[in-house]
1. Round to a whole number: what % of the accessible area of region 116-243 belongs to carbon and sulfur, probe 1.4 Å?
2. Per the helix-only calculation at 222 nm, which mean residue ellipticity applies to the chain, given -39500 (n - 2.57) for every DSSP H run of n ≥ 4 and division by its residues, nearest 500 deg cm²/dmol?
3. What residues qualify as long-range amide H neighbours of LEU289, i.e. H under 5 Å apart, gap of 5 or more or another chain, H built at 1.01 Å from N?
4. More than 25 Å apart: what percent of Cα pairs in region 119-222 qualify?
5. Please find, in a Gaussian network model of the chain (springs between Cα atoms separated by less than 10 Å), the residue of ALA294, ALA210, ALA266 whose mean-square fluctuation is greatest.
6. Size of the dipole of region 313-362 about the Cα centre, Lys and Arg at +1 and Asp and Glu at -1 on the beta carbon, nothing else charged, in debye to 20?
7. So if I place +1 on the C-beta of Lys and Arg and -1 on the C-beta of Asp and Glu, and nothing else carries charge, what would the dipole magnitude of the chain be about its Cα centre? I want it in debye, nearest 20.
8. Between region 299-372 and region 75-110, how many Å separate their Cα centres?
Amino acid sequence: MRHRIAVVGGGLAGLTFARVLHRHGYPVAVLERDPGPDARPPGGTLDLHEGLGQRALDKAGLLAEFQALSRPEGQAMRILDADGTVLRDWRPRPDDRANPEIDRGRLRDLLLGPLDVQWGRGVTQVTPETRDGVLVHFADGRQETFDLVVGADGAWSRIRPAVSSVTPHYTGVTSVETSLDDVDTRHPDLARLVGDGSVAVYGVNRSLVAQRNSGGHVKVYAQFRAPLDWHTNLDLADVEAVRSSLLALFDGWAAPVLDLLRHGTAFVHRPFYVLPVSHIWTHVPGVTLLGDAAHLMPPLGAGANLAMLDGAELAESIATGPGDLDEAVRAFEEQMWARAGRWAKITTAGLERLVSPDPAEALALFDQVQPS
């Protein structure tokens, strides 16, 4: 008899989990609170690492399709001084596919494929270890029982409280995101500044990073150390007020760099929250977590990759294991905890260096990780 399995969250972790199970012929209920796939912006571009996100796509049988959609040239990285001087300019080799970029929306659509997602099904909580299995409580008052409920519902997971009392805490670093559209036509100077990949500028306790997405779209991130309530006297819905505040924060930086903020169309506040570096829990039969729900860490390129590999490995463990569902989940959790702990240490240390009192720390970090 096939197990009744549900994954809560239709993001990259949940969809990868469902897609790998689907490949092995296992049914899974994908429960997503959004009313549809286009209910909100899908986010920016992602670099999928060979041994992480690409490995997960290979387990889903989607690696070739990903390679056709991805942008290897997006691995390019340029670092400037605050006065506009080019300090580093890394460009990938034509055959370099270690970390190609792909828009998050395109990756989501690739994973969706034949999956039948139950849109508009918000989950409020789960009750494990009932007589009939794990009871899922929906926002509309309905309830449903499953043998396994997988929480892939992000930083503020509704499933996490069933296994852990830990909640995310603020890192002291916040980000304000904006974007530029049709950059090659409307802002050709900025298009050249960003290049095929990313451009970053690091100052004292602050940075500006711009990433090219497909279709002439550029995402810009202003990152800085500040109290969580730094915007108390600022209306975040007032575009011009936010723009003025950011321009003041980066006052004195080169004009072309500040143009990334001057031409931004809207601003979104995204403070960085994390879970403890070694977040583990006492195993609860019938419930587990993936991705940010399990190991939220600074957004330095690992999170989406780890989330996808989590999903792929749990699905593979269930589909190809000895048949004991709980044993498969336990084995997966041990493996996930060890890997996530390593990456959480790396990204936590990385954030300290990238948004640092000494901008030279950021440059030194990139010199360590970029090919010579």
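1. For region 116-243, the apolar C and S fraction of the accessible surface comes to 46 percent.
2. -10500 deg cm²/dmol
3. GLY151
4. Percentage above 25 Å: 52.
5. Top of the fluctuation ranking is ALA266.
6. Dipole magnitude for region 313-362 comes out near 240 debye.
7. On the way: 36 positive and 48 negative charges, 49 e Å.
Dipole magnitude for the chain comes out near 240 debye.
8. With region 299-372 and region 75-110 each reduced to a Cα centre, they are spaced 20 Å.
The values are calculated or read from the model by the stated rules, or taken from the named source; none is laboratory data. None of the values given here were measured: they were computed from a predicted structure. In this analysis, Cβ positions are derived from the backbone assuming ideal geometry, glycine residues included, and neighbour counts consider all displayed protein chains. We work out accessible area using only protein heavy atoms, side chains counted, and drop any ligands, DNA or RNA first. Shrake-Rupley method; radii C 1.70, N 1.55, O 1.52, S 1.80 Å.
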